Structures are given as C-alpha cells and as structure tokens.
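Colleague: Sharing a structure, written as structure tokens. Questions coming.
The values are calculated or read from the model by the stated rules, or taken from the named source; none is laboratory data. Please read all numbers here as calculations on a predicted model, not as lab measurements. We place every Cβ from the backbone using ideal geometry, glycine too, and count neighbours over all the protein chains shown.
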Amino acid sequence: MTISELIRRRITGQLVTSRTDQETAASIDRLRAYDAGGALIRVGQLIQEAGVPPNPELIAEAVNVIVSIRCAETGRRVKEVAAVRGWTAGGGFHIAQLA
C-alpha cells in the first residue's frame with residue numbers, strides 16, 4: 001500500500017478494509033528515514049500532517065516489508081530489509097530483520 005493511499009484511507013476511515021484490497025497489495029512508496037523503525041514513525045507523522053491522529057496498530061497491519069537503501073560511492077545499496085510483525089502499546093512496532 002502506498003503512503004498516499006494509507007493516508008487517504010485513514011482520513012476516510014477505510015484503512016480497516018485494506019487487508020482485502022488486492023489492487024494495492026503490491027504497491028510501494030518512498031519516504032526518508034534512517035531505518036525501518038524510523039520509517040514507521042514517519043508514516044505516523046505523515047498521517048498527523050493530514051490532521052488525523054495516527055493509529056500505529058493499523059500502520060503495522062498495512063505495512064508488510066520495509067527496505068532501507070543507502071547511497072554509496074558505487075551507487076545505491078540495500079541497508080536493511082525488515083518485516084513488520086505488529087505493534088503493541090508496551091513494545092511499539094515489532095520488526096524482524098530479514099536481511
């Protein structure tokens with residue numbers, strides 16, 4: 001699901017239905033963050049900028065995999081690949097490093 005689609009659905013109250021939306025199942029988007037955890041926090045910030053309180057449980061449900069890329073002298077390199085496993089109030093986002 002793209003970030004813009006995530007924000008649009010959150011604003012209109014449709015994010016809960018995203019699990020069954022096959023059209024956006026393979027979508028990607030880019031945002032600036034230092035790592036996977038920071039990317040999820042940034043999604044929440046973007047939702048807040050739209051005037052809606054973020055719901056981290058729904059963010060964790062909507063985002064499956066995060067790929068962090070860094071720039072090197074020889075070009076872009078994958079820094080980390082992480083799977084989002086959920087969110088809890090006591091532990092925040094649960095992220096599993098895949099690579």
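Colleague: Of the residues in the stretch 68-96, how many are more than 10 Å from ALA36 (Cα to Cα), under 18 Å from the mean Cα position of the chain (by Cα) and polar (S, T, N, Q)?
Modeller: The total comes to 1.
Colleague: Can you give me the number of residues within the stretch 51-67 that are over 18 Å from ALA33 (Cβ atoms) and either hydroxyl-bearing (Ser, Thr, Tyr) or not in a loop (DSSP other than H, G, I, E, B) (or both)?
Modeller: Result for the stretch 51-67: 3.
Colleague: Would you say ALA83 is modelled with pLDDT of 85 or more, touching a strand residue (DSSP E or B) at 6+ places or on another chain (Cβ under 7 Å), part of a helix (DSSP H, G or I) and under 23 Å from GLN97 (Cα atoms)?
Modeller: Values: modelled with pLDDT of 85 or more: yes; touching a strand residue (DSSP E or B) at 6+ places or on another chain (Cβ under 7 Å): yes; part of a helix (DSSP H, G or I): no; under 23 Å from GLN97 (Cα atoms): yes.
The answer is no for ALA83.
Colleague: Do we find that GLY44 is out of contact with any Phe, Trp or Tyr (no Cβ under 8 Å at 6 or more places or on another chain), of a type outside the set (D, E, K, R) and loosely packed, with under 12 Cβ neighbours inside 10 Å in this structure?
Modeller: On the way: out of contact with any Phe, Trp or Tyr (no Cβ under 8 Å at 6 or more places or on another chain): yes; of a type outside the set (D, E, K, R): yes; loosely packed, with under 12 Cβ neighbours inside 10 Å: no.
Answer is no for this residue.
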